Each structure stands twice: as structure tokens, then as C-alpha cells.
């Protein structure tokens, strides 16, 4: 009953078309239960599955999940290897369901860094779902926002050197076209779970006017009701984009 009531409240109001989530707290969730860290990551997959389902049901257009950062490569090799294996199994196990539910899978980040099997499995999932028109599930893999910005700068510099672009031609739109998210609108709502209050090198350019929401709930426990709490909080806010309330009213 509570979930149905929450969903009705959500659908009666303006809700974010693009939600981005920093899925934090898997390791702490496991430690609290005296379990290995990988158990937290496995349970976190259940949250990914549920949040993806709910976002598709309520009409969210884009869901971007911070799945594996460039900094995560510095974790112990055994954990990184286990995470890559889990990623491959999850993609292969979920892609048929995603396709059945009209979900489109996309990736941002440098997937060339991933092991060959994981990269191949991801590309197969992208190919299978690329014509789907429902929710776009966008996984940030081997992703770092500073690296993304440097990547865009290098492309712009190369275009200038080749005579394809003048310095005076560079604008925010020109720059944004060279980001990994070139075909995706900026997020309306950025959620971070696990109680931490930082962005952690995630969508630094794209989140310039994104509404931020910090949840104390560890990611493995972040489910439908927690998502609705975040959206309800978002719906109470006035997005001014540098303007005044009076200007918006006009």
C-alpha cells in the first residue's frame, strides 16, 4: 500500500527525467553484517534491478549509475577482479530482461580499460538493446569526470590544429558535444547513497545545475521507497538556474 501511495504522489507532480546515482555503501553494508565486501556488491545488484524497474515504470528517461570509477582501479586486485567478474555475470544475466522491458543500455567512460570478456559482454548488451525506446540505463564504467573533461579538451585541440575549428567557435555547446554524455541531457537529480557528502569525480560538468540529494541509506538497502523519498524532496524545490523566483513566474 505504501509503495502504491508513494507512486501516485510522485506521478501527480513534475519528476526528474534524468536521475544520476552514486551507489555508495556496498562495502560498509557488508562489513556491518560481518560479510565479505563482495557480498555487498552482490546485494547492490538487487537495488540496481529494482531502481531500474521503478524508473522505467514512472517515466524517467535516463538513469545514470556510477558503476566503477577510474579511481576504483586502485583497489586491491582481488576485489577489482571479482567486481569485473560480477559485472560480466550481471550484464549477461540481466540484458535479456532489459531488452524485454524496452530498456536501452548505454555506457560512459573508457571501457577499453575493462578486461576483454567484460568489454565484449557489455558491447553485446549495447547492441542488443540499441533500438529500444524506453528507459536509457547509462552505466558509468571506468569513468572519471576530470578525465572526461581532459578527453574533450584534447579533441577540441586536435580540431583546432587540423583547422576544423577556431578558438572563437568554442562554446559550452561545442564543448559538451565532446563529452561522453553528448547525447544525454544533464541530470535533473543526483542521488548519493551511504551518507557521504561529495561528488567523487562524477559528472562535474553535467551537474552544474543538478539538484543534489544525499541519502544515509547504504546502496544495498536503497530501494523503491528510498527513491521516492529522493524524488519527493526534488519536487519540493524550485529550480531557478541562476534566475529569481519572480523571473520564473513571468
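The values are calculated or read from the model by the stated rules, or taken from the named source; none is laboratory data. Note that the structure is a prediction, hence the values are computed from the model and not measured. Note that each Cβ is placed from the backbone with ideal geometry, even for glycine, and that neighbours are counted across all protein chains shown.
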**Study point:** Odd one out for residue 40 among (1) within 17 Å of the chain's Cα centre (by Cα); (2) buried (at least 16 other Cβ atoms within 10 Å of the Cβ); (3) under 24 Å from residue 200 (Cβ atoms)
**Key:** (1)
Study note, to complete from the structure: Per the filter on the stretch 201-215, residues part of a loop (DSSP other than H, G, I, E, B) and either over 17 Å from residue 149 (Cα atoms) or over 13 Å from the mean Cα position of the chain (by Cα) (or both) are 205, 208, 209, 210, 215
Check your understanding: In the stretch 162-190, which residue that is part of a loop (DSSP other than H, G, I, E, B), without any contact (Cβ under 8 Å) to a residue 12 or more places away in the chain and at negative phi is surrounded by the most Cβ atoms within 10 Å (Cβ to Cβ)?
Key -> 165
Practice item. Might you let me know whether the stretch 172-181 holds any residue that is within 30 Å of residue 40 (Cα to Cα) and out of contact with any helix residue (DSSP H, G or I) (no Cβ under 6 Å at 6 or more places or on another chain)? Key: yes
**Study point:** the stretch 1-18, residues that are farther than 12 Å from residue 54 by Cβ, in a loop (DSSP other than H, G, I, E, B) and at pLDDT 70 or above
**Key:** 12, 13, 14, 16, 17
